[in-house]
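The values are calculated or read from the model by the stated rules, or taken from the named source; none is laboratory data. The structure displayed is predicted, hence computed values, not measured ones. Glycine also receives a Cβ, built like all others from the backbone with ideal geometry; neighbour counts cover every protein chain displayed.
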Amino acid sequence: MTAPFSWLRPWEAPEVTSWGRLPMCAVDRRRQAVVLDGEWRFQLLPSPETAVSDAWGSSYVPGAWTLQDTDDLPQYTNVRMPFPEFPPHVPAANPTGVYERAVDVPGEWAGRRIVLQVGAAESVLLVEVDGRPVGISKDSHLAAEFELTDVVRPGSPARVRLTVVKWSDASHIEDQDQWWHGGITRSVLLYATDPLHLADVTVRARRDGDLRVDCAVRGPLPDGWYVTGDLDGQFLAQDAEFDRANAEDERVSGFLGEARLRATVPGVRTWTAETPELYGLTVRLHRPDGTVADTSHHRVGFRDVEIVGRDLLINGERVFIRGVNRHDFHPLTGRTVSYDDMRADLVLLKRFGFNAIRTAHYPNDPALYDLADELGFYVVDEADIESHDHAHEIADDPRYLNAFVDRVSRMVLRDKNHPSVIIWSLGNESDYGANHDAAAGWVRRHDPTRPVQYEGAAKRGWADPDVASDIACPMYAPIEECVAHALSGKQTKPLIQCEYSHAMGNSNGTLADHWAAIEATPGLQGGFIWEFWDHGILQRVSDGRPAGRAGAGLYERGVAAPGHRWAYGGDFGEVPHDGAFIADGVVLPDRTPKPVLYEHREIAAPVRLQCLRHEGVVIGNHQHFRGLDWLTGEWRLSLADGRTLTAPAELPDLRPGETAAVPLPFELPEGGGEAWLTLRVTTARDEPWAPAGTVVCLPQVRLRATPVQRTLPVADRTVEVDADGLLVHPLLVAAPTLSLWRAPTDNDELGGMAGRWRDWGLDAPVRELVAVRRAGSSVGVLAEYVCAAGVVRHEQVFTAVEGGIRVEESAELPETLNDVARVGSVFETVAGPTLLEWFGQGPWESYPDRSTGAPVGHHSLPVDELFTPYLRPQESGGRHGVRHFTLSAPDATGLAVELARPSQISVNRYRAADLAAAAHHDELRPRAGCVVHIDAAHRGLGTASCGPDTSPAYLVPTGTHRWGWVLRVL
């Protein structure tokens, strides 16, 4: 099958990055190409040295064969390679896909230059046409082009064979914390150009309106050829000085033709992520008779990127980088992502306050950069390099030197004209060595207009000026260390973390604290959350195979349809694997936002509020470049008595960074009680990423803190408890007992807390009744919860009051239980309640260290929508700062709970033990009633699965905890 290439064994030759592949360029040929996507003849061989048989099947291109009902299924590893061989070697069992189809070459292409483009192939691509070897390419995430002019005949069909070898020496530098696939994952194109053609176009557009366009021409260069261009109709002039210098330069050959066009745009509209202004550039290559031989179209954004001192500046302004890491991913098609899906990704991010993307850990699909230009994102463009498992060996290995430079340079050549790209990244988690320095040197020579970054250079210190990183971009550095560095006087470059908050499961605790420190500390400019997607693959439960393209419509709101589930590492029987670590995004696999997105939206709010006591509030514009004219607002006053008042809000005319005081829109009602003022900020008109009326942020201030103290008179009746001292109540099937444990989050498990809690016995403490005391309308119950690490004394006092039962509780934690998950009550209701209504933070899930995005107000949601379906079942659905709530059935019956102070609550259909025992949601069976938690203290979430744990302020201390609540029947 691979006879033309077998002698070379390119899958184990790191020195061979390509053969017969054309140079990368920034001239996009997509609009003039014949698209060869669709069904191709296909067979999967056990190794590249296996002969092709006559047993052909079919496979859809673009797409991974691992998702198309082959026996080679997806595999997930994070750091470990999926095979034990050391670089550059690979296993003998090496799945190899052979794709073949007949291609009709248009007859009108006679005399033209014909090129085949394969958008992406993982990981080695071997190209043959009519049995003739044409080329080789490595780099799974950049296109490879091959000239076919001499091997095809226009007007006649050609047999194109694309052989893709899954494992190669290149796999060792594509070890990127994602599913391993094999196949052709981006479109295959065939196009033709004139023999005299534009080989490359380089655009430099500065914020002062200066435009320079450098054009390179390859082909038979006749005397009299020339280049013209226009920018939205404005003619571009030939750069006479450049032409003169070229004429005077001694050249040995006329292989390369060069031209430079110049223009100055008066009153230029500059490009930023907030104001993504684009101009249309057309470049034309002319033959001597004036006819057009070739044309190239570009969208130009005028902007400057520079580092001054320790600040990264966009158009002279220091900007905050509110970023996320993004893979090309889809739950049905893996790395094959459509234009509409990419647009939906970016629209969602824009709506939740993100302004930056790091293309982790490879160049993304070309369409993503077009969309980033259009919608407004700052992009850190990252090369397809990660050698995590063998980082130290490869960083200085000269056999891989060419691969490092090749991958970085091809990325730069492809993406250099995108204004959204503000930083080049040399890759990820590959140690630091001479290979990085070589790649950085090439970039700095070719494109001095952008900084270069590389996280691995941090091993030499954040301030070292002599490393291949112009930006200090560490991973998961505690914010205290970042602040200390910025205040040390030793900082020499901007500090922007390439990863700083890990979104695995129920996570991203202390995100608001992190940003409060960033905004208050010169020298800190933000970072990138890891990551955008939960990489769950839709899987058929019946046979354990990926649902593939046929799975469209089989999921919504993060939940897979019956008979399906979201697969993570190990679910396809692969060994080794790294489990649910693949599920660490801010969205679920169907792009449903996780609650952290609402947290981020408020942290990134362009409009902020401050309270001026009772005189008014201060409104601030926290953007960098834009006024508030694109926004509109509405005031909402939430009162503890259940009322919500609304009034239109007129936003003041503020430039970036300005503030203005405005009077209160309401007279505070008499009678005391809490009062919260919220400014509901929405888009005033349609934006490219949001229709008019889309919520942008919900800044809130508290106008009155005094709670209404309700003292309910004691009733002349008794409270019933059973022989075990447990409350007997007609609406409860399980009485309130002490809860010290939660279904471990991913952070709890990987951070080691869950193991400690199990060792302590907190998941199943033994309750022992000590005493029951009666006094009038009250019953006091003292119990001990015996754990392996100590005994917790728990006291409950039940008092009959008018309309219900008052419950006063305390729990005494010994010093040995110095970091538990929660301290509170848990009970279960009878079947019937379906709706939760509450006054507190919401409507989204919130926790003590992740509550900024949940404003205080009156909220209601169906019980079944309170629970967040994180890929691996775990603690979820909590609501922070709740003052009172009701649980009601459709006939309005149910129960009401008033809390003595704002508390963390959760209501769902599962016990903590149910969630902890399940690996996937299809294993869960909802209970008929509701499981209700009321917590006096609840541990913060942190990000300890990869990064810092929560702050000490959000840990549950030892000692005595007290809480109280009143239970009433509706």
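Of note:
- Test: Arg758 is over 29 Å from Ser507 (Cα atoms) and not in a loop (DSSP other than H, G, I, E, B): no
- Matching residues, region 548-566, being assigned to a loop (DSSP other than H, G, I, E, B), touching a residue at least 12 places away in the same chain (Cβ under 8 Å) and within 23 Å of Val586 (Cα to Cα): Ala552, Leu554, Arg557, Gly558
- Elements of type strands (runs of 3 or more DSSP E) in region 660-708, at least 1 residues being surrounded by fewer than 18 Cβ atoms within 10 Å (Cβ to Cβ), on the phi > 0 side of the Ramachandran plot and not β-branched (Val, Ile, Thr): none
- Top-ranked residue in region 709-743 [being surrounded by fewer than 16 Cβ atoms within 10 Å (Cβ to Cβ) and outside any loop (DSSP other than H, G, I, E, B); ranked as modelled with the highest pLDDT]: Val733
- Any chance Tyr99 is at pLDDT 95 or above, more than 31 Å from the chain's Cα centre (by Cα), outside the structural domain of Glu393 (by TED's automatic domain parsing) and buried (at least 19 other Cβ atoms within 10 Å of the Cβ): yes
- Being surrounded by 22 or more Cβ atoms within 10 Å (Cβ to Cβ) and either modelled with pLDDT of 95 or more or within 30 Å of Asp431 (Cβ to Cβ) (or both) is a description that applies to Asp169.
- Residue count, region 33-73 (criterion: in contact (Cβ under 8 Å) with a residue 24 or more places away in the chain and either buried (at least 18 other Cβ atoms within 10 Å of the Cβ) or in contact with a Leu (Cβ under 9 Å, 6 or more places away or on another chain) (or both)): 28
- Here Gly551 does not qualify as closer than 25 Å to Gly877 by Cα and not assigned by TED's automatic domain parsing to the domain that holds Tyr476.
- Taking every residue in region 588-611 that is under 22 Å from Thr683 (Cβ atoms) and pairing it with any residue that is surrounded by fewer than 20 Cβ atoms within 10 Å (Cβ to Cβ) and acidic (Asp, Glu), at least 6 positions away or on another chain, the pairs with Cβ-Cβ distances below 9 Å are Arg591/Asp341; Thr592/Glu556; Pro606/Glu274.
- Region 774-817, subset β-branched (Val, Ile, Thr) and surrounded by 18 or more Cβ atoms within 10 Å (Cβ to Cβ), residue farthest from Leu762 (Cα to Cα): Val801
- Failed criterion for Ser951 (all others in (1) more than 27 Å from Gln497 (Cβ to Cβ); (2) surrounded by fewer than 21 Cβ atoms within 10 Å (Cβ to Cβ) hold): (1)
- Test for Val201: is it β-branched (Val, Ile, Thr) and modelled with pLDDT of 95 or more: yes
- Any hit, region 117-125, residues being crowded, with 22+ Cβ neighbours inside 10 Å and over 31 Å from the mean Cα position of the chain (by Cα): no
- Test result for Phe581, surrounded by fewer than 20 Cβ atoms within 10 Å (Cβ to Cβ), among the aromatic types (Phe, Trp, Tyr) and either assigned to a strand (DSSP E or B) or in contact with a strand residue (DSSP E or B) (Cβ under 9 Å, 6 or more places away or on another chain) (or both): no
- Any hit, region 121-128, residues being of a type in the set (Asp, Glu), closer than 20 Å to Pro14 by Cα and not assigned by TED's automatic domain parsing to the domain that holds Tyr369: yes
- Some residue of region 633-648 being of a type in the set (Phe, Trp, Tyr) and in contact with a strand residue (DSSP E or B) (Cβ under 6 Å, 6 or more places away or on another chain): yes
- You will find that of Glu574, Glu615, the residue that is closer than 28 Å to Thr359 by Cα, surrounded by fewer than 18 Cβ atoms within 10 Å (Cβ to Cβ) and out of contact with any Gly (no Cβ under 9 Å at 6 or more places or on another chain) is Glu574 and no other.
- Matching entry among Gly569, Gly573, Gly526 (being under 17 Å from the mean Cα position of the chain (by Cα) and not assigned by TED's automatic domain parsing to the domain that holds Leu750): Gly526
- Some residue of region 615-634 being part of a strand (DSSP E or B), touching a residue at least 60 places away in the same chain (Cβ under 8 Å), in contact with a Ser or Thr (Cβ under 6 Å, 6 or more places away or on another chain) and not assigned by TED's automatic domain parsing to the domain that holds Gln841: no
- Condition broken by Leu639, with the remaining ones in (1) over 29 Å from Arg318 (Cα atoms); (2) in contact with a Gly (Cβ under 8 Å, 6 or more places away or on another chain); (3) surrounded by fewer than 20 Cβ atoms within 10 Å (Cβ to Cβ) satisfied: (3)
- Selection count, region 726-757, where residues are within 32 Å of the chain's Cα centre (by Cα) and closer than 18 Å to Ala917 by Cα: 16
- Test: residue in region 391-406 that is within 30 Å of Cys697 (Cα to Cα), part of a loop (DSSP other than H, G, I, E, B) and not assigned by TED's automatic domain parsing to the domain that holds Trp179: no
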